[in-house]
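Here's the structure, in structure tokens; my notes come after.
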Amino acid sequence: MTFRTRLLLIVTVAVVTSVCLVEWLVSATTRERFERLETQRVDALVAQFRSEYERRRLEIARAVNGIAASDTAVNIAAKTDYSTFYADAASLAAAHGLDLLELVAADGSIISSAEWPARFGYKEDWLTSRSNVSPLDWLARGAFLRREELPDGVTLAIEAVGVATAGDRLIYVVGGQRLDRAFLSTLALPAGMRALLYRNLQPQFTPSELIGGDDAADLRPLIERVERDKREAGALIGAGASAETVHALPLAGLDDNLLGVLLVASARRELVEMEAFLLKLGIAFASFGIVLGLALSGWATARITRPVKRLAESARKVAAGNWGATVEVVTADEIGQLAQAFNRMTHELVEQRERLVQSERVAAWRELARRLAHELKNPLFPLQITVENMRRAREQYPDQFDEVFREGSSTLLAELANLRQIVSRFSDFAKMPAPAMHPVQLNDIAAETVKLFAPQLEQAHITARTELSPNLRTIMADPEQLSRVMRNLTLNAIDAMPKGGTLTIRTMPHEEGVRLEVADTGQGLTPEECERLFTPYYTTKTHGTGLGLAIVQSVVSDHRGRISVASEPGRGASFRIDLS
Amino acid sequence: MRISAFILTACLLSAGAYAATRPRYGGILRVELRAPFETSDPPQSGFGIVDLSHGFQINLWEGGRRAIFNADDNAPGGRPFLDSVEIQLSRPLREQSLDLETGKADLIELGPNEIRRAPAGRKTWSSQPVRIIALAFNPRADDARVREALALAVDRATIWTVILQRQGEVSAALLPQWLSGYAFLFPTAADLPRARSLAAGAKPLTLAVGDPMLRTIADRIQLNARDAGITLTVAPSGSPADIRLLEVRVPSTDPARSLAALASAFGLPEPPHTDSPEALYAAERALLEERRVIPLFHLPDVYAVSPRVKGGPGISPLGEWKFGDLWVEAPRP
């Protein structure tokens, strides 16, 4: 991954993250505002219900007490036979706007019932069985919620109890209004809100007792929770745009028994739609931001990375050997400082290289001088001795001079030949010609080399093994120089295995070119030896000049190839040449 | 006894009125009825309007609304004093009473509530208890124990006292006491404990009631049944039901004929014809033995009459209209 790509990615991630964060913040804030607004609306509706409920209570209590104080009720209370009044409750209820009205005798038996005319004579025990409640206490109690039995079932009603007295006689007036759909319809509901009433009149949850909605199954858990805990609760019902926040309010009766649950539902459609809109808007903005960010970051990263690329290009040139490569300094920022540092570095590298070359050159000369001195010193010493013997023989033993001269001259000639050979080898190294390129099959050269060295290998008890790849491509190379490389490596291997071993010559395709491996099973090399192996005039042998591997490296280098050695002490060495 | 005294009083009042005024021809008798008679022609059988065929001719018939009968000059018994009888149909009882009080009607029906509310001294005509209110079981209701349980559960006395305002009489017989003389032999008292024991395990029943006037009685019977452990649902007439609450009119002053007609009306087997009171009692007892019909009450036809109407009573003991001798006094100037 390039620096520019990485920079681009970082900027992109930063832009996307920022946009997402802003989107989340806006959504969260909006949701919170909506939730607060919704809570206010629900609270307002609950307050409205309570207000309406209180108003109804007062109205009902007033109406019931009005009936109780009327002449009709007082007259009934004064009578001993109530049978003629059994139908009076209906007309009284209609006149006072009550849904329910019962006239009840002091013993609790119904005189007349508007809601259930046939129920006369039956007892309303709840009215008279409260030992701690006197008839007058009902007046102070006001209206309350009560489960009322009707011919067609049971209903929930707000009822009040009045007392009509005539002397020492009294009757109860029990009147009220149903708490049903009509009552709910009196609530002014804002758009998106609805009020439902669950009448807790059956032993088990009964869906038909839910007034104002047909989603009893969804509301059942909330209703049952309120019934269980007997306190307000809320829940989110449904999902998506059809979801509602439902607030449930318990409605207690005369004995604090839960008779109903008021449910105020607020649709979340608006919120969900707003959230969806914000999401779409966010995605649009994010997309735009990302595209814009990518464009800007592309431009910015290109601007930022251009000098870096130039630096990298110059570094590549330096790596390729062009140590004089420099970078144009166009800015004074960190990149500019880096470019200046690079230029300073390459300048110093050039100077150091020149100093190194000079020092290496001096060292080479010294090594050459040392080697020449060493190589020349060996034949010079016999020459000096031989000449001194010959002079001594001529002065002291003239009679033996001829024989000494003959032997001495032979020795001199031999040593002189040796000197010539030494000079010739140094001359050969100095005169390495440029390679003459021809199509070459490396397998052929390898096979010829093995064949050439077969007698020597046999004499040295070395087994030659060749693993030549049949798929080896023909390369452009100087066959004479490559043969010389093969010979030098083979000779090195033979020298490395004085007690015999196995010489393996291996060829194989490698990348775009070929690979040659010459491996022995000799005593191997130390890492230090491996490092200095290709240094001219370095040798580990007693009789070498240290030029063999230097020549090999020179040839390989002239063929734009690469040579390496892998070795461990005691495990032989393997020379690997890659050519293309 | 109380009803007889009531009728006697009415007759004496009428006789007094007759003695004080002279019959005269002319005048329109305005009658209001609760029944709608939503038919294209006037009824040809039964009581009431049908009785006008003696002395009057139909002039206008608007089923469900009104009818006008004009005096027949060639009537066999002579022309009625009245010129015509105008009948308003489908008029609620409460409004009939108001119309009578405000002079818009001359003859109206009186229900139990209206009797209770009637001002003192109001002129009324009453027949003998000729309408029998009874529960009739559907033939498929084959559980005799449940039938008996319901018969024992109904508290006739309370219904008669409160809902019927003591109008008519409590009865467990088909024929009324005034007609048979033995109706009191059929026990009417409720026995709730026994009803409960008989009703154990009873299946729910439905009770159909056609006449809205009987609805309150049906509701009370429902409560009585509930007290006995019988689940009874009151349903409107026309719906399939196990029991029906019916009102059937005694057609004749002949007990045997009336018993036969009532048995037929209630879907009971035809009783053997006999003139002997003992045999008649035995026949009626046999009819009611299986309690497929549970008689509850016998009620009279009761009308309130404007003081302007003279020459009454205009109904017979069976409740037949006899308007031929009536006349209407002209309003005072």
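The values are calculated or read from the model by the stated rules, or taken from the named source; none is laboratory data. Keep in mind that this is a model prediction, so the values were computed, not measured. Note: ideal-geometry Cβ built from the backbone for every residue, glycine included; neighbour counts use all protein chains shown.
Of the residues contained in region B:118-128, none is found to be touching a residue at least 12 places away in the same chain (Cβ under 8 Å), over 20 Å from B:S316 (Cα atoms) and polar (S, T, N, Q).
If I filter region B:109-128 for residues that are over 29 Å from B:R156 (Cα atoms), surrounded by fewer than 23 Cβ atoms within 10 Å (Cβ to Cβ) and hydroxyl-bearing (S, T, Y), do I get at least one hit? Taking every residue of region B:109-128 in turn, none turns out to be over 29 Å from B:R156 (Cα atoms), surrounded by fewer than 23 Cβ atoms within 10 Å (Cβ to Cβ) and hydroxyl-bearing (S, T, Y).
Would it be correct to say that A:G142 is surrounded by 20 or more Cβ atoms within 10 Å (Cβ to Cβ) and either at pLDDT 90 or above or in contact with a strand residue (DSSP E or B) (Cβ under 8 Å, 6 or more places away or on another chain) (or both)? Spelling it out, it is not the case that A:G142 is surrounded by 20 or more Cβ atoms within 10 Å (Cβ to Cβ) and either at pLDDT 90 or above or in contact with a strand residue (DSSP E or B) (Cβ under 8 Å, 6 or more places away or on another chain) (or both).
Scan region A:145-180 for residues that are of a type in the set (V, I, T), within 27 Å of B:R226 (Cα to Cα) and either surrounded by fewer than 22 Cβ atoms within 10 Å (Cβ to Cβ) or within 14 Å of chain B (Cβ to nearest Cβ) (or both) and the total you get is 2. Scanning region A:166-189 for residues that are modelled with pLDDT of 90 or more and among the β-branched types (V, I, T) returns A:I171, A:V173, A:V174.
Of the residues that sit in region B:95-151 and are among the charged types (D, E, K, R) and assigned to a strand (DSSP E or B), which one is modelled with the lowest pLDDT? Checking each candidate, the answer is B:K123. Within region B:198-239, restricting attention to residues that are in contact (Cβ under 8 Å) with a residue 24 or more places away in the chain and among the polar types (S, T, N, Q), the residue that is nearest to the other protein chains (Cβ to nearest Cβ) is B:T216. Residue count for region B:236-257, restricted to those that are assigned to a loop (DSSP other than H, G, I, E, B) and either aromatic (F, W, Y) or buried (at least 20 other Cβ atoms within 10 Å of the Cβ) (or both): 3. Per the listing B:P307, B:P269, the residue uniquely under 24 Å from the mean Cα position of the chain (by Cα), away from chain A (no Cβ under 14 Å), in a loop (DSSP other than H, G, I, E, B) and more than 25 Å from B:E148 (Cβ to Cβ) is B:P307. Taking A:R344 as the residue in question, decide whether it is farther than 30 Å from A:R532 by Cβ, in contact with a helix residue (DSSP H, G or I) (Cβ under 7 Å, 6 or more places away or on another chain) and of a type in the set (D, E, K, R). Spelling it out, it is not the case that A:R344 is farther than 30 Å from A:R532 by Cβ, in contact with a helix residue (DSSP H, G or I) (Cβ under 7 Å, 6 or more places away or on another chain) and of a type in the set (D, E, K, R). Restricting region A:390-431 to residues that are basic (K, R) and assigned to a helix (DSSP H, G or I), the residue that is farthest from A:K377 (Cα to Cα) is A:R394. Evaluation of A:T84 against the conditions (1) part of a helix (DSSP H, G or I); (2) within 14 Å of chain B (Cβ to nearest Cβ); (3) at pLDDT 90 or above shows that the sole unmet condition is (3).
Here is the figure for region B:202-218: residues that are within 23 Å of B:L164 (Cβ to Cβ) and either touching an Asp or Glu at 6+ places or on another chain (Cβ under 7 Å) or buried (at least 20 other Cβ atoms within 10 Å of the Cβ) (or both) total 8.
For every residue, the table says whether it meets (1) farther than 30 Å from A:F34 by Cα; (2) surrounded by 15 or more Cβ atoms within 10 Å (Cβ to Cβ); (3) in contact with a His (Cβ under 6 Å, 6 or more places away or on another chain).
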position: A:A235; (1), (2), (3): no, yes, no
position: A:A239; (1), (2), (3): no, no, no
position: A:A252; (1), (2), (3): yes, no, no
position: A:V264; (1), (2), (3): no, yes, yes
position: A:E270; (1), (2), (3): no, yes, no
position: A:G282; (1), (2), (3): no, yes, no
position: A:W299; (1), (2), (3): yes, no, no
position: A:L311; (1), (2), (3): yes, yes, no
position: A:A315; (1), (2), (3): yes, yes, no
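Sort through B:T253, B:T231, B:T274 and tell me the only one that's within 18 Å of the chain's Cα centre (by Cα) and β-branched (V, I, T). One residue alone meets the criteria, B:T253. Restricting region B:149-172 to residues that are in contact with a Pro (Cβ under 7 Å, 6 or more places away or on another chain) and closer than 25 Å to B:E109 by Cβ leaves a set whose member that is farthest from the other protein chains (Cβ to nearest Cβ) is B:S171.
Check whether at least one residue in region A:170-184 is among the hydroxyl-bearing types (S, T, Y), in contact with a Leu (Cβ under 7 Å, 6 or more places away or on another chain) and not in a loop (DSSP other than H, G, I, E, B), and report yes or no. Yes, some residue in region A:170-184 is among the hydroxyl-bearing types (S, T, Y), in contact with a Leu (Cβ under 7 Å, 6 or more places away or on another chain) and not in a loop (DSSP other than H, G, I, E, B). Among the residues of region A:461-477, count how many are β-branched (V, I, T) and surrounded by 17 or more Cβ atoms within 10 Å (Cβ to Cβ). So the count comes out to 2. With respect to A:A90, determine if the residue is within 14 Å of another protein chain (Cβ to nearest Cβ), among the hydrophobic types (A, V, I, L, M, F, W, C) and surrounded by fewer than 20 Cβ atoms within 10 Å (Cβ to Cβ). Judged against the criteria, A:A90 is a match. A:K79 fulfils the conditions (1) without any contact (Cβ under 8 Å) to a residue 24 or more places away in the chain; (2) within 14 Å of another protein chain (Cβ to nearest Cβ); (3) in contact with a strand residue (DSSP E or B) (Cβ under 8 Å, 6 or more places away or on another chain) except for a single criterion, (3).
The single condition from (1) within 14 Å of another protein chain (Cβ to nearest Cβ); (2) surrounded by fewer than 19 Cβ atoms within 10 Å (Cβ to Cβ); (3) touching a residue at least 12 places away in the same chain (Cβ under 8 Å) that A:D125 fails is (1).
Within region A:424-439, the only residue that satisfies the criterion of being surrounded by 11 or more Cβ atoms within 10 Å (Cβ to Cβ), at pLDDT 80 or above and hydrophobic (A, V, I, L, M, F, W, C) is A:M437.
Comparison of A:L442, A:L412 shows that the only residue that is surrounded by 14 or more Cβ atoms within 10 Å (Cβ to Cβ) and within 30 Å of A:S580 (Cα to Cα) is A:L442. Scanning region A:93-122 for residues that are in a strand (DSSP E or B) and either within 14 Å of chain B (Cβ to nearest Cβ) or surrounded by fewer than 20 Cβ atoms within 10 Å (Cβ to Cβ) (or both) returns A:L103, A:A105, A:S109, A:I110, A:I111, A:S112, A:S113.
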